[in-house]
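A short write-up of the structure that comes next.
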Amino acid sequence: MPKLDREYDLYFGMNETFATTKLDVTYHGVSTHAAESPQFGKNAILSAATCIVNLHAIPRNAQGDTRVNVGTIHAGTGRNVIPETAKMELEVRGVTTELNRYMEMYARDIINGAALMHDTVVEVKEMGKAHAVECDEDLMNELRIMCENHLPDLSLPPVNMDPLGGSDDFSYLMNRVQAHGGKATYMKLLTPIVSSPHNTAFDFDEKVLELGPRVFASIVYSFTKKE
């Protein structure tokens, strides 16, 4: 895959972020011999398969982008055994916290419905969560002025924000600060990369690791000087 070059050094905030909920789902059935006595079994894989197909059929929402993905499934012990357990790892996302809630509620209904269809018992564990990110414009403008004054060698974009297209539990820290009257943003340092994230060919230019400390040291210096 060709090298993806960057035009600027950083953005002062991120938009188009996703709120997300991560779930582990385990279906518990009854194992038995698949040929001799299949009528006595309760097939956990059938519940999982029904769930997966219907999760990816959740209706879209006119209020904004939504996502769903089943990333792993582990089940069964042998080709001639009705599987007793099936575990899935999945996530839902929404471009707002409300849209993520829509996806999560719909997903939980499907998860429980798949258990009812095949007479299995389902166990659902919430493994992680993140909110949508809302960066404060006045803070981003202040950081831009700081970079212009103290880091004139940086190539700055004409706009403050760039799409993230993902989720980050840093949103919990941002929401906490903002809920108490503070300002917060999620900056993005840019570097040439090869391939896309979560791809085995992914790589990046490690020179960007020098940029981060420079930027944050300048922020601390500027804010301390103001005080």
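The values are calculated or read from the model by the stated rules, or taken from the named source; none is laboratory data. In this text the structure is predicted, and so the values were computed from the model without any measurement. Neighbour counts are summed over all protein chains in view; Cβ atoms, including those assigned to glycine, are modelled from backbone coordinates with ideal geometry. These area figures cover heavy atoms from the full protein model, side chains too; ligands, DNA and RNA do not enter into them. Shrake-Rupley method; radii C 1.70, N 1.55, O 1.52, S 1.80 Å.
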Among the strands (runs of 3 or more DSSP E) contained in segment 1-99, which hold 2 or more residues that are within 17 Å of GLU126 (Cα to Cα) and aliphatic (A, V, I, L, M)? 19-28, 66-75, 85-94
Sort out which residues of segment 150-159 are open to solvent by 40 Å² or more (accessible area, probe 1.4 Å) and either free of Cβ contacts under 8 Å to residues at least 60 places away in the same chain or under 26 Å from the mean Cα position of the chain (by Cα) (or both), and write them in order of number. PRO152, ASP153, PRO158, VAL159
When the residues of segment 160-184 are filtered to those that are surrounded by 12 or more Cβ atoms within 10 Å (Cβ to Cβ) and over 18 Å from the mean Cα position of the chain (by Cα), which remaining residue is nearest to GLU98 (Cα to Cα)? GLN178
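Among the residues in segment 68-84, are any of a type in the set (Val, Ile, Thr) and in contact with a Phe, Trp or Tyr (Cβ under 7 Å, 6 or more places away or on another chain)?
If we filter segment 68-84 for residues that are of a type in the set (Val, Ile, Thr), which is where we start, we get 68, 70, 72-73, 77, 81-82.
If we keep only those that are in contact with a Phe, Trp or Tyr (Cβ under 7 Å, 6 or more places away or on another chain) too, we end up with none.
So far as segment 68-84 goes, no, none of its residues is of a type in the set (Val, Ile, Thr) and in contact with a Phe, Trp or Tyr (Cβ under 7 Å, 6 or more places away or on another chain).
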Under the condition of being touching a helix residue (DSSP H, G or I) at 6+ places or on another chain (Cβ under 7 Å) and either open to solvent by 40 Å² or more (accessible area, probe 1.4 Å) or assigned to a helix (DSSP H, G or I) (or both), which residue from segment 133-146 is nearest to GLY182 (Cα to Cα)? LEU143
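Kindly indicate whether any position in segment 162-170 is part of a strand (DSSP E or B) and under 30 Å from TYR8 (Cα atoms). I'd like the intermediate steps shown before the answer.
Initial filter on segment 162-170 (part of a strand (DSSP E or B)): 162-163.
Of the ones still in play, those that are also under 30 Å from TYR8 (Cα atoms) are 162-163.
There is at least one residue in segment 162-170 that is part of a strand (DSSP E or B) and under 30 Å from TYR8 (Cα atoms).
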Check segment 8-18 and report whether any residue there is over 19 Å from the mean Cα position of the chain (by Cα), touching a residue at least 12 places away in the same chain (Cβ under 8 Å), closer than 30 Å to ARG214 by Cα and surrounded by fewer than 18 Cβ atoms within 10 Å (Cβ to Cβ). yes
Give me the residue from segment 197-227 that is touching a strand residue (DSSP E or B) at 6+ places or on another chain (Cβ under 9 Å) and either within 18 Å of ASP138 (Cα to Cα) or in contact (Cβ under 8 Å) with a residue 24 or more places away in the chain (or both) and, out of that set, most open to solvent (accessible area, probe 1.4 Å). ALA201
Would you pick out the residues in segment 109-121 that are open to solvent by 40 Å² or more (accessible area, probe 1.4 Å) and either part of a loop (DSSP other than H, G, I, E, B) or in contact (Cβ under 8 Å) with a residue 24 or more places away in the chain (or both)? MET117, HIS118, ASP119, VAL121
Flag for LEU90 being at pLDDT 95 or above, open to solvent by less than 80 Å² (accessible area, probe 1.4 Å) and touching a Leu at 6+ places or on another chain (Cβ under 7 Å): yes
If I ask for residues that are more than 26 Å from ARG93 (Cα to Cα), among the polar types (S, T, N, Q) and touching a strand residue (DSSP E or B) at 6+ places or on another chain (Cβ under 9 Å), which ones from segment 9-64 would you list? SER31, THR32, ASN43
Among the residues of segment 175-187, is there at least one that is part of a helix (DSSP H, G or I), in contact (Cβ under 8 Å) with a residue 24 or more places away in the chain and touching a helix residue (DSSP H, G or I) at 6+ places or on another chain (Cβ under 9 Å)? no
